[in-house]
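The values are calculated or read from the model by the stated rules, or taken from the named source; none is laboratory data. Quick caveat, the model's predicted, so the values are computed rather than measured. Cβ atoms come from the backbone with ideal geometry, glycine included; neighbour counts cover every protein chain shown.
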Amino acid sequence: MDLKTLTNMFPSHKLVMNEQYAQEHISTLKTKTLLNWSDTIFVNCDFTEAQFHLMMVSSAIFFQCDFSGASLRACDIEGCEFISCNMTCCDLQGSFVSDTTFTDCIIGGIRGPVSPAGVAFFFPRYSRNLPLTSQAPYYVMTTPEELVYVFRTENDWRIHGLHKRLVVGLDNIEEAEEPYRAVLQAVATIEQKKIDLLRIDPNTGL
């Protein structure tokens, strides 16, 4: 999708270009006041490491924007679309996200939303050239100390915790340290159950 197609599809939306943020340094913006962005298209905007609090966003479109390392706490994100955005290590755990789609986005290390209800991922990637191959874009698992996010790529599992990152080969789960071995075993079991359900013939139930 290009910019012309995007703006033609949503003629009632306002368009915000990256150049308008050039003097505001949005990549280091720390906002603790109430913001309301609605019916707006953000194109090519840099939100890296930005910290947003109590932001309200509805029916907004973010196209080729960079949210890597951004933190969105206590925000309300409803009916939005993120298209070809970089969400690497973006923290959405404390926000309410509903009726929102992420299409062709990089989501490696994303934290949240914890509940996938009302959130759809299409063609997610762990990094620019590394697609995710699991039945879900990521799994949220609990350890005695923290929540961890588990991603599956073509050749390995990627685990992201608050202070821990691991890469474990698909066939090397038994070699992982605890508690991450148990986490991967649980996720692998869930994955296999999802695959088995897809293989069931709806006509015979077998």
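Yes or no, residue by residue, for (1) surrounded by fewer than 16 Cβ atoms within 10 Å (Cβ to Cβ); (2) among the charged types (D, E, K, R); (3) over 9 Å from the mean Cα position of the chain (by Cα); (4) modelled with pLDDT of 90 or more:
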{"site": "Val97", "(1), (2), (3), (4)": "no, no, yes, yes"}
{"site": "Asp104", "(1), (2), (3), (4)": "yes, yes, yes, yes"}
{"site": "Gly108", "(1), (2), (3), (4)": "no, no, no, yes"}
{"site": "Phe123", "(1), (2), (3), (4)": "yes, no, yes, yes"}
{"site": "Pro131", "(1), (2), (3), (4)": "yes, no, yes, yes"}
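With Arg199, Arg181 as the choices, which residue is loosely packed, with under 14 Cβ neighbours inside 10 Å and over 18 Å from the mean Cα position of the chain (by Cα)?
Being loosely packed, with under 14 Cβ neighbours inside 10 Å and over 18 Å from the mean Cα position of the chain (by Cα) holds for just one of Arg199, Arg181, which is Arg199.
For the range 101-117, does any single residue satisfy the condition of being aromatic (Phe, Trp, Tyr) and part of a strand (DSSP E or B)?
Looking through the range 101-117, at least one residue is aromatic (Phe, Trp, Tyr) and part of a strand (DSSP E or B).
Looking at (1) assigned to a loop (DSSP other than H, G, I, E, B); (2) within 14 Å of the chain's Cα centre (by Cα), can you tell me which one Glu145 breaks?
That leaves (2) as the condition not met.
Considering only residues that are closer than 17 Å to Ile61 by Cα and surrounded by fewer than 22 Cβ atoms within 10 Å (Cβ to Cβ), which ones fall in the range 72-86?
Within the range 72-86, Cys75, Asp76, Glu78, Gly79, Cys80, Glu81, Ile83, Ser84 qualify.
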